[in-house]
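A short write-up of the structure that comes next.
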Amino acid sequence: MDKQEGNKGDTRFKKGTDIGKEYRWKKGESGNPNGRRNAYTDLIKEFSFSKVGERERREVVISKLFQLAERGDLRAIQFIVERLEGKALERQERTTKSEPIQVMVIDD
């Protein structure tokens, strides 16, 4: 046979077929341009913009965070610095030497 055929002898899935071409995504086009929605993120955002008195909840939370940092809470300080300056880069040294490991035995 000179045609590539599927399991049932039809040519619908033959490579290069034009069947259904009008329904396919074009090159560079996304089938989900907004991405998957996250219900929890939406709820948190909605809740954070709600008002408590005259201030939004997110303002109250940030105020508490800065109060903790002013009292010396290192985790609060680290959180603020990382959000403002970015996380510090961690560097790891790797050696490619293939020397044997020396073990020292110390007797009492």
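The values are calculated or read from the model by the stated rules, or taken from the named source; none is laboratory data. Since the structure is predicted, the reported quantities are computational estimates derived from the model, not experimental observations. So basically every Cβ, Gly included, is an ideal-geometry build from the backbone, and we count neighbours across all protein chains shown. These area figures cover heavy atoms from the full protein model, side chains too; ligands, DNA and RNA do not enter into them. Shrake-Rupley method; radii C 1.70, N 1.55, O 1.52, S 1.80 Å.
Of note:
- Some residue of the range 40-49 being at pLDDT 75 or above, assigned to a loop (DSSP other than H, G, I, E, B) and open to solvent by 60 Å² or more (accessible area, probe 1.4 Å): yes
- Subset of the range 77-108 that is outside any helix (DSSP H, G or I) and under 30 Å from SER63 (Cβ atoms) - its residue that is least open to solvent (accessible area, probe 1.4 Å): GLY86
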